[in-house]
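The values are calculated or read from the model by the stated rules, or taken from the named source; none is laboratory data. What you see is a predicted model, and the numbers here were worked out from it, not measured in a lab. Cβ atoms come from the backbone with ideal geometry, glycine included; neighbour counts cover every protein chain shown. What goes into the accessible areas is simple: the full protein's heavy atoms, side chains included, and nothing from ligands, DNA or RNA. Shrake-Rupley method; radii C 1.70, N 1.55, O 1.52, S 1.80 Å.
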Amino acid sequence: MGFNSQMGSALIEARKAAEAGEVPVGAVLVDPRGEIVARAGNRTRRDCDPTAHAEILVIRAAAAALGQERLGGYTLYVTLEPCAMCAGALAHARISRVVYGAADPKSGGTDHGARVFSHAQSHHRPEVIGGISEEDCAALLQNFFAQKRS
């Protein structure tokens, strides 16, 4: 499966989050064989938990299902560039690759803003690939916030 097809799965999770009134960010975690092992959308409002970002939720689900805290060899697909909190969690989990859709110049933590992986203190530096299905990912967020403003 290619980057776009896996991002399509993350977009499905983002749309579900939007339908639930959450900021539409979705993520899937893929094992080294290309199988999705965890999927989630943002649940900060539903769970009353500011850390319930899609990335954190898939890390938690995969680690629990696999019985291990390290996820080397796994790839995270997420519709929005991870924030600094999520980038830190990805480093701690030793995720091998992060593939994101829309860039987040304001709050991003990988290629913008904090750039967590570029710091000497980062425990791990995964490969980061941005801009996959970027237009679809960005449009979902833009439409969500436009509806909130109207």
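Which residue out of 34, 72 is open to solvent by less than 30 Å² (accessible area, probe 1.4 Å) and part of a loop (DSSP other than H, G, I, E, B)?
On the way: 72 fails: open to solvent by less than 30 Å² (accessible area, probe 1.4 Å).
Residue meeting the stated conditions: 34.
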Number of the condition not met by residue 49 [criteria: (1) in contact with a strand residue (DSSP E or B) (Cβ under 9 Å, 6 or more places away or on another chain); (2) outside any helix (DSSP H, G or I); (3) more than 18 Å from residue 98 (Cβ to Cβ)]: (1)
Residue 112 open to solvent by 60 Å² or more (accessible area, probe 1.4 Å) and not aliphatic (A, V, I, L, M): no
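Run down 117, 145 and say which single residue is of a type outside the set (Val, Ile, Thr), at pLDDT below 95 and surrounded by fewer than 16 Cβ atoms within 10 Å (Cβ to Cβ). Talk me through it step by step, then tell me what you get.
Working: 117 fails: surrounded by fewer than 16 Cβ atoms within 10 Å (Cβ to Cβ).
Exactly one of 117, 145 is of a type outside the set (Val, Ile, Thr), at pLDDT below 95 and surrounded by fewer than 16 Cβ atoms within 10 Å (Cβ to Cβ), namely 145.
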Candidates 59, 95, filtered to the one that is touching a His at 6+ places or on another chain (Cβ under 9 Å) and either surrounded by fewer than 16 Cβ atoms within 10 Å (Cβ to Cβ) or assigned to a loop (DSSP other than H, G, I, E, B) (or both): 95
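Would you be able to say whether some residue in the range 3-11 is at pLDDT below 95, more than 14 Å from the chain's Cα centre (by Cα) and either of a type outside the set (A, V, I, L, M) or under 23 Å from residue 143 (Cα atoms) (or both)?
Let us first name the residues in the range 3-11 that are at pLDDT below 95, namely 3-5.
Those still in the list that are more than 14 Å from the chain's Cα centre (by Cα) too: 4-5.
So of that shortlist, the ones also either of a type outside the set (A, V, I, L, M) or under 23 Å from residue 143 (Cα atoms) (or both) come out as 4-5.
Yes, the range 3-11 contains a residue that is at pLDDT below 95, more than 14 Å from the chain's Cα centre (by Cα) and either of a type outside the set (A, V, I, L, M) or under 23 Å from residue 143 (Cα atoms) (or both).
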Breaking point among (1) assigned to a helix (DSSP H, G or I); (2) open to solvent by 40 Å² or more (accessible area, probe 1.4 Å); (3) of a type outside the set (Asp, Glu), for residue 14: (2)
Where residue 44 falls short, out of the listed (1) farther than 22 Å from residue 63 by Cβ; (2) of a type in the set (S, T, N, Q); (3) open to solvent by less than 40 Å² (accessible area, probe 1.4 Å): (1)
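Hey, among 80, 90, 66, which residue is open to solvent by 20 Å² or more (accessible area, probe 1.4 Å), within 13 Å of the chain's Cα centre (by Cα) and closer than 20 Å to residue 29 by Cβ?
Criteria check complete, one pass: 80.
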Pairs with Cβ under 7 Å, 6+ apart, first in the range 114-139 and touching a residue at least 12 places away in the same chain (Cβ under 8 Å) and at negative phi, second open to solvent by 90 Å² or more (accessible area, probe 1.4 Å) and in a loop (DSSP other than H, G, I, E, B): 117/125
Residue 7 being surrounded by 18 or more Cβ atoms within 10 Å (Cβ to Cβ) and either in a strand (DSSP E or B) or among the hydrophobic types (A, V, I, L, M, F, W, C) (or both): yes
